Amino acid sequence: SGLSKEAFMQQVPGLILAHNLHGIDIDLRATQIAALALWLRAQRAYQEMGLKRNRPKITKSNIVCAEPMPGEENLLNEFIVELQPKVLGQLLKVVFEKMKLAREAGSLLKIEDEIRDSIIEARNQWKSLPKIEQLTLSPDFKDPKPEQFTIFDVTEISDEEFWNETENRLIDSLQKYAKQAIGDQYLQRQLFSNDAVQGFAFIDICRKQFDAVLMNPPFGLFFKEHFPWLKSKYPDSYVDIYSSFVARGLQLSQGKVGVISPRSFLITPKLARHREKYVLQNLNVLLDLGEGVMDDATVLSCAYILDSIELCENSIFPAFDRKSLEDKSNNLDRSVIFLDSNNTYLSDKREIGRLQKTPILYSLSSRILHTISSNEKLKDGVLIARSGLTTFNDFRFLRLRVEVDPKDIGELKIWEPIAKGGTFSVFYSDLPLLIRWSTSGNEIAEENQRVNGQTAQARQASSYYRRFGGTYSYRSRKDFGVRVLPAGCIIGNKGPA
């Protein structure tokens, strides 16, 4: 409004930082570094415009630290006493209480949900307050300098507008509260005020909806003492903290969510509900990266984009298998376009959705996916599939063949060969492991009894022990091969057929 195009372009970097980019981290140092990096990007933009002097000042960024509200209860109570009407103090106490978990949970906190009922209750109480003219002897009396909320009519405004007005009044009151003190008390009040304002900034971000959400979430188990809280808030995604962040990202997004995380969500049975509710139906594109991506973390990773629920329409998604690339950083540009057709797949969400627990097996052909999901099963006359025993103590009961005297190896002897799984092999895999069966497996049965109170798992499928067998191992559309028998199968001395 009234600005030339050149003047407007000079304001753009500051406007972007003030209105378009938002970020949350639980580490204050990370937020400071991110804010500095954005400031430097703005300065680079000014340099490219040829501005050497009189650059527009960057007055605001929205990179906030998730921290509890300040913990000085005496200062909080002192501040609340001065607030009028009392309903503001009641609302502020609720906010302070609900923010206690902010440092551990970050944006997982769902603070907007935690305080929603309190905002509604405060608004209703505000509506019921007597008007100023009702408190005077003269109905025509008007206060010459009314406070903003004294004349603020909340009957026709939304809860969102009420919160914004309330927040502005609280921040203004906090600043006045800090300025009224002197000496050491001033410093204490100033810190209290600044920390509270930062807390409100975190709440503001959590109450927004974004066109795009980007994340590299932490992974692993949540804090043990707060795990029940996480499970109650994210009942489908609590198994790993990164999956909870993905669920939260979709709630905050009205567009797309970009994630780089461990790839365990693709197949892990414990994350089946998370896959079905948040991932599969919303999956836009998948880049399977494998190991060596997240600095020194020994984790298999992948990057993917999810559409918000409203935008998700297409049932086909592209998947790029780049696990075998040695230098992934120099080849990512080829991984998001169809120039490199090797290990690039188009997968149908509907076919994957028919699989039990919906593992995202993007590399399987439609024919194989249909076969797996079909109700038609192989009859026992063609193939018998069984799971074998569990030792419950591999260190005690398993040995390598080279560690045992050959005369003690064989049927009805102390040690017998066992198939314990292994890596893919096109034609043949050696079976180097032995199990201390001791003719009857009684020692393993006792361990089973000690751990689980029964012996069934120590002799699972025992009627199939020492019989010939083999397994199919699937690696890609071109490769089928034989590998070791299923884990826990005691095999004959001649090995599998």
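Worth pointing out:
- First in segment 383-398 and on the phi > 0 side of the Ramachandran plot, second anywhere and loosely packed, with under 15 Cβ neighbours inside 10 Å and of a type outside the set (A, V, I, L, M), Cβ under 9 Å, 6 or more apart: Phe392/Arg450; Phe392/Asn452
- Taking segment 158-178 as the range and being free of Cβ contacts under 8 Å to residues at least 60 places away in the same chain and within 22 Å of Glu114 (Cβ to Cβ) as the test, the residues that pass are Ser158, Asp159, Glu160, Glu161, Phe162, Trp163, Asn164, Glu165, Glu167, Asn168, Ile171.
- Selection of segment 200-238 for residues being free of Cβ contacts under 8 Å to residues at least 60 places away in the same chain, farther than 22 Å from Ile63 by Cβ and not in a loop (DSSP other than H, G, I, E, B) yields Lys224, Glu225, Phe227, Pro228, Lys231, Ser232.
- Glu276 vs. criteria among the charged types (D, E, K, R) and touching a residue at least 60 places away in the same chain (Cβ under 8 Å): yes
- Within segment 22-34, the presence of at least one residue that is under 27 Å from Asn216 (Cα atoms) and open to solvent by less than 30 Å² (accessible area, probe 1.4 Å) is confirmed.
- As a summary of the residue check, Lys277 satisfies the conditions (1) assigned to a strand (DSSP E or B); (2) under 17 Å from the mean Cα position of the chain (by Cα) except for the one numbered (1).
- For segment 158-175, the candidate set comprises residues that are polar (S, T, N, Q) and part of a helix (DSSP H, G or I); within that set, the residue that is nearest to the chain's Cα centre (by Cα) is Asn164.
- Condition met for Trp437 (open to solvent by less than 50 Å² (accessible area, probe 1.4 Å) and in contact with a helix residue (DSSP H, G or I) (Cβ under 6 Å, 6 or more places away or on another chain)): no
- Long-range neighbours under 6 Å by Cβ, at least six apart or interchain, first residue in contact (Cβ under 8 Å) with a residue 24 or more places away in the chain and basic (Lys, Arg) within segment 24-45, second crowded, with 17+ Cβ neighbours inside 10 Å and not in a helix (DSSP H, G or I): none
- Only one of the numbered conditions (1) in contact (Cβ under 8 Å) with a residue 40 or more places away in the chain; (2) surrounded by fewer than 19 Cβ atoms within 10 Å (Cβ to Cβ) is violated by Val259, and that is (2).
- Scanning segment 179-199 for residues that are in contact (Cβ under 8 Å) with a residue 24 or more places away in the chain, within 25 Å of Lys60 (Cβ to Cβ) and not basic (Lys, Arg) yields a count of 7.
- Reported count of residues in segment 115-127, each being open to solvent by 20 Å² or more (accessible area, probe 1.4 Å), under 28 Å from Ser253 (Cβ atoms) and in contact (Cβ under 8 Å) with a residue 24 or more places away in the chain, is 4.
- Considering only residues in segment 176-194 that are under 36 Å from the mean Cα position of the chain (by Cα) and open to solvent by 20 Å² or more (accessible area, probe 1.4 Å), the one that is nearest to Leu92 (Cα to Cα) turns out to be Asn194.
- Any hit, segment 90-102, residues being in a loop (DSSP other than H, G, I, E, B), out of contact with any Leu (no Cβ under 8 Å at 6 or more places or on another chain) and not hydrophobic (A, V, I, L, M, F, W, C): no
- Scanning segment 55-114 for residues that are over 30 Å from Met9 (Cα atoms), open to solvent by 30 Å² or more (accessible area, probe 1.4 Å), within 29 Å of the chain's Cα centre (by Cα) and not hydrophobic (A, V, I, L, M, F, W, C) yields Glu67, Pro68, Gly71, Glu97, Lys98, Lys100, Arg103, Glu104, Asp113, Glu114.
- For Arg248, the criteria (1) at pLDDT 90 or above; (2) more than 21 Å from Asp321 (Cα to Cα); (3) out of contact with any helix residue (DSSP H, G or I) (no Cβ under 9 Å at 6 or more places or on another chain) hold in every case but one, which is (3).
- Test set (1) without any contact (Cβ under 8 Å) to a residue 24 or more places away in the chain; (2) in contact with a Gly (Cβ under 6 Å, 6 or more places away or on another chain) - Asp296 fails condition number: (2)
- The strands (runs of 3 or more DSSP E) found wholly in segment 381-497 and carrying at least 2 residues that are modelled with pLDDT of 85 or more occupy 398-400, 415-419, 433-436.
The values are calculated or read from the model by the stated rules, or taken from the named source; none is laboratory data. Because the structure is predicted, anything quoted here is derived from the model rather than measured. Methodologically, a virtual Cβ is constructed for each residue, glycine included, from the backbone with ideal geometry; neighbour enumeration extends over all protein chains shown. For accessibility, only protein heavy atoms count, side chains too; no ligands or nucleic acids. Shrake-Rupley method; radii C 1.70, N 1.55, O 1.52, S 1.80 Å.
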